[in-house]
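Let me begin by presenting the structure, written as structure tokens, before commenting on it.
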Amino acid sequence: MNLKEIIGRCEHLFEDLNFTAVKEWKAAAPGRKVIGYMPIYVPRELVHAAGMLPVGIFGGGDQLEVIQGDAYYQSYICRIPRSTLELGLTGRLDCLDGMLFPSICDVIRNLSGMWQVLFKDKYVKYFDLPQDYDDSTGGSFYVREMEVLRKDLSALCGSEISDQKLNASIGVYNENRKAVRELYAYRAQKPWQAPTSEVYLVLRAGCVLPPEEHTALIRNYLISCERQVRPQRDNARVVLTGSFCEQPPLGLIKSIEMAGCYVVDDDFQLIQSWLLDEVPTTGNPLEELSKAFLHRSASTASKYDEKKEDKGRFLLHQVKTRGAEGVIFAAPSFCDPALLERPMLQEILAKHGIPHTAFKYAENTGQMAPIREQAGTFADSIKLWSAA
Ligand code: SF4
């Protein structure tokens, strides 16, 4: 496939709120099962090792009219739980055999309860993640949580998820994460060649494709990018942070780029780059997954920092290693994890003299013009300061 075809396919997968690709995967062999997951992180390796397809559910975006979903929630919370409920209540998620709700915030936790009540014939699990990073406490808790999931999924698929199968799936996801790292490194090096609006679509395809196919898609995209020379602009290099759960509309990402910013790092699809390096495939798989989560994972607003001095370290590292000139805080309206973290991170950036700006969005926001103006002014001010 050439570049246009790859992006066309990704766009189609992104826009298809009927999850046709998932239905086709399921129908291709008898007995296949699909497990959905909400942002931010679940160990997809366990689902894959059960022979099932893990499917990322990131709300309804800006194409879905929320009618029923609004009735379940007050107005002063983010939109993703409402649009996810709308997807479920309108039958668009009927192809899912189960759903995982990771512990990111109260909204997702409440949604898991609603799901249990509304979709009684489906497997539903609130998947708890550790907030303690000691192997003997947080680690053993997390291994137990994964053991429960492993047992549940084994029962659902009708066969045991052996260590061997799990290690093989860890290998598959290691390869996928490696490809994602290559994609991010390439974009940071040549952001004009791999615009974030495209990179985002390529990553979103990973929500619905089997990981093996997604890895190949990323690599094809990188090859195609390199073949097509695009003009380089004098844009400001920025890290975009805070968009790890409810996603901004694609138009907003394009607006930021058109305003003169090269996004050289982001947290849009955090699950795909959450674990920072290879998880060993020869040991006890659950213990290795636990160690990778506790000690070698992205440190963002969604993760508790044990020590005060660790706050902001990961963001500073992103700025430094990606050669960024500034940071854009882009968070969903009413997103407690992102918005409570923001002032602390802003203070740290100010201490280090790193320019930053901030705005809020909703997945269906129509406020492109003001955000474009704000991002444009930010990019201009960076260019003025760096020229001084
Ligand atoms: S957008 Fe923020 S508040 Fe809303 S469900 Fe996601 S993490 Fe929770």
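Quick look at the numbers
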quantity	calculated
Angstrom value of the Kirkwood radius, inverse mean 1/r, which spans all Cα pairs in the stretch 41-104	13.1 Å
Accessible-area order (highest first, 1.4 angstrom probe) of the listed residues W115, W25, W385	W385, W25, W115
Cross-link pairs K254/K307; K178/K291; K4/K291; K125/K311; K26/K125; K120/K178 - those with Cα-Cα distance over 28 Å	K254/K307; K4/K291; K125/K311; K120/K178
Rounded to 5, the percent of DSSP beta bridges in the chain classed as antiparallel	5 percent
Solvent exposure ordering (accessible area, 1.4 Å, most first) of R233, R177, R150	R233, R150, R177
Cleavage-rule hits, trypsin sites (Lys or Arg not before Pro), the stretch 90-120, DSSP coil, Cβ neighbours within 10 Å at most 11	K120
Cut-off under 5 Å, modelled amide H: who pairs with A358 long-range	F329
Overall dimensions of the stretch 24-149 by Cα: Rg and Dmax, Å	15.4, 47
Debye intensity ratio in log₁₀ form over the Cα atoms of the stretch 272-383, taken at each q of 0.15, 0.19, 0.20 Å⁻¹	-0.80, -1.10, -1.17
Projected-area average for the stretch 170-231 over all orientations - Cα convex hull basis, square nanometres	3.9 nm²
Mean separation of Cα contacts under 8 Å, 6 or more apart, over the residue count of the stretch 290-388: relative contact order %	25 percent
Heavy-atom surface of the stretch 169-258, accessible at 1.4 Å and reported per residue (Å²)	33 Å²
Stokes-Einstein diffusion coefficient of the stretch 85-161, Kirkwood radius over Cα pairs, 20 °C, 1.002 mPa s, in µm²/s	155 µm²/s
Relative contact order for the stretch 170-256, counting Cα pairs under 8 Å that sit 6 or more residues apart, in percent	37 percent
Share, in percent, of DSSP beta bridges within the stretch 220-343 that are antiparallel, nearest 5	10 percent
Accessible solvent surface per residue of the stretch 25-158, calculated while the other protein chains remain in place, 1.4 angstrom probe, Å²	40 Å²
10 Å-binned pair-distance histogram of the stretch 268-319 (Cα, whole percent)	22, 50, 24, 4
Percent accessible area from carbon and sulfur atoms, the chain, protein chains only, probe 1.4 Å	52 percent
Rounded accessible area of D234 (nearest 10 Å², 1.4 Å probe)	120 Å²
Expected 222 nm ellipticity per residue - DSSP helices of 4 or more, -39500 (n - 2.57), all of the chain, to 500	-15500 deg cm²/dmol
Helix runs (DSSP H) in the chain reaching 20 Å along axis by Cα, Kyte-Doolittle at least 0.5	none
Within the chain, longest stretch free of exposed GluC sites (Glu not before Pro) [DSSP loop, at most 16 other beta carbons within 10 Å]	161-277
Straight-distance crosslink candidates among aspartates and glutamates, where the alpha carbon sits under 14 Å from K351 and sequence neighbours closer than 8 are dropped	E309
The chain - percent relative contact order, Cα under 8 Å, separation 6 or more	20 percent
Heavy atoms of F19: accessible area, 1.4 Å probe, square angstrom to 10	20 Å²
Convex hull volume per residue for the stretch 1-59, taking Cα atoms only, in Å³	111 Å³
Cα-based convex hull volume of the chain per residue, rounded to whole Å³	131 Å³
Cα gyration tensor shape for the stretch 228-285, rounded if a/c is under 1.5, else prolate or oblate	prolate
Debye, to nearest 20: dipole size of the chain, +1 on Lys, Arg Cβ, -1 on Asp, Glu Cβ	600 debye
Cα gyration tensor shape of the stretch 301-361, rounded if a/c is under 1.5, else prolate or oblate by comparing a/b with b/c	oblate
GNM result for the chain, Cα springs below 10 Å: residue of H214, H12, H48 fluctuating most strongly	H12
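The values are calculated or read from the model by the stated rules, or taken from the named source; none is laboratory data. Not measured: the values here are computed from a predicted model. So basically every Cβ, Gly included, is an ideal-geometry build from the backbone, and we count neighbours across all protein chains shown. These accessible areas exclude ligands, DNA and RNA; they are computed on the full protein's heavy atoms, side chains included. Shrake-Rupley method; radii C 1.70, N 1.55, O 1.52, S 1.80 Å.
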